[in-house]
Every structure is written in C-alpha cells, then in structure tokens.
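Reviewing the structure listed below.
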Amino acid sequence: MRLLEYEAKNLLSACGVPIPHGKVFAINELQAITAPIVLKSQVPIGGRGKLGGVQIVRQQSDVESIARKMFNLKIKGFLPSKLLAEEILDISREFYFSLNINRQTASIELLAHAGGGVEIESQDAADFFRRDIVNEKFESLADELADYLDIADKAFLLQDIIENAYRCFIYNDCLLLEINPLILTKDGKLIAGDAKITVDDAAAFRHL
C-alpha cells in the first residue's frame, strides 16, 4: 500500500526525520491556510509537480482560488480529498535518498543521488550511490554518503537521517521509503521535502 505524502511524512517525523512545517486540510478548511505557502495535492501517484499538483502561493488573495482548482484537478485519474500546505524552504541543494529491499542480498539498500527532484528518473543508474545497510554501521555509511554528495561537513546530519529513516523502514514494515528531494537548506539543515512510503500489505495486522 502506498501512503499519501502527508502520511509518509508523519511516519518519518515520528522517527525523528525533519520535515517542513505544514498542515493538511480539506476544501471546507481553506480559511485556516495562510500564504506564503506551498500547496501539494495529496494523491497516491508520482509526477504531481509537472501536472499542476504542486503550487507555490505567495499572496493570501490567491490561496482560495488556487486551492479550489487543485481540489478539482485530477492527476492520473486521482482526485485529491486533501491538500498539504507547507512552508516555503530556502533551498541550497536537492538530493535523492531512498531505502528499499534488495532481494538479491536479502538486505535493506540505501540508494542516493546528488541530483534529486523531478528529474531523478532521467539520471544514469550507474551514477547512483548504492550500499546495503550491514550491521547498522551508520557512521561509516554517513561518511561515505557525505563524500559522495560533497557535503562532508554534514555527515553527522546524514547519519541521523539514515538511522531514523532505517528505524522508520523497519518499524513500519516498509517496502520502499523515498525522500525526493532531501533538501539542504541555506541555513544548513537537511529536511525531507517530499516523501513516498510503500508498506507491506501482509504486515498490516501489526499496525492495527
């Protein structure tokens, strides 16, 4: 089962992964939303940004009209019942980060790329950082990843992201945990700008 973005971010936040300040709202709750803000359609599908499902709204007078259009915008057959309103981050760089099941090695694999965001699918597979997480050696893994991303001074922050995302992955029986983009802000923070989580349906009984 694929979670909506706000559901995925709630799980990440509960495990200590930083997320933007935000609020989920329905169409009858528009009065609670104030600009400047990023509005995101909550549909269980990728590619929203290129299809009008992500909008930056800087003027309060535009919030209601843009939000109503987004509530009525189908994205690949899905119509949102909720939107996510988030703070506008001051972005320095964007990375790709994910955890998934490596079935060949029967382990959890960390996959990362220095160029995250909407164009990630166009990146050469050979350019990705790939490591199986073995014996939970997070410090050395974070150092490697920091060097690959050319942010060696942020290795300690990456270690927290890796450890907390790994804990989220295990606890929630995930098949995929993706942060794209993982944002480095201009004041030096690492924040999950977007998130996608797929959980194992066969393990749902453990979370009831």
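When LYS50, LYS154 are compared by accessible area at a 1.4 angstrom probe, the order from most to least is LYS50, LYS154.
The label-point distance for ASP187 and ALA152, in a model that sets each label 7 Å from Cα toward Cβ, rounds to 2.7 nm. Placing ARG48, ARG93 in order of accessible area, with the largest value first and a 1.4 Å probe, yields ARG93, ARG48. A probe of 1.4 angstrom, applied to the heavy atoms of all protein chains, finds ARG58 with accessible area near 150 square angstrom. Computed with a 1.4 Å probe on the full set of protein chains, the accessible area for TYR171 sits at about 150 Å². Solvent-accessible area per residue in the chain equals 52 Å², computed with a 1.4 angstrom probe and all protein chains kept. Between GLU139 and LYS50, the modelled labels are 4.3 nm apart [label points 7 Å from Cα along Cα→Cβ]. Taking the C-alpha atoms only, the angle from helix 5-14 to the longest principal axis of the chain is near 50 degrees. Scalar couplings 3J(HN,Hα) for segment 45-52, obtained by applying the Karplus form with A = 6.51, B = -1.76, C = 1.60 to θ = phi - 60°, are 7, x, x, 4, x, 7, 10, x Hz; x denotes Gly and Pro.
What angle, in degrees between 0 and 90 and rounded to the nearest 10, separates the Cα long axis of helix 155-171 from the longest principal axis of the Cα atoms of the chain? Roughly 80 degrees between the two axes. With a threshold of 24 Å on the Cα-Cα distance, the over-threshold entries among LYS9/LYS82; LYS69/LYS186; LYS40/LYS186; LYS23/LYS154 are LYS69/LYS186; LYS23/LYS154.
The values are calculated or read from the model by the stated rules, or taken from the named source; none is laboratory data. Keep in mind that this is a model prediction, so the values were computed, not measured. Using ideal geometry, Cβ is built from the backbone for each residue, glycine included, and neighbour counts are taken over all protein chains shown. The area values use the complete protein model at the heavy-atom level, side chains included, leaving out ligands, DNA and RNA. Shrake-Rupley method; radii C 1.70, N 1.55, O 1.52, S 1.80 Å.
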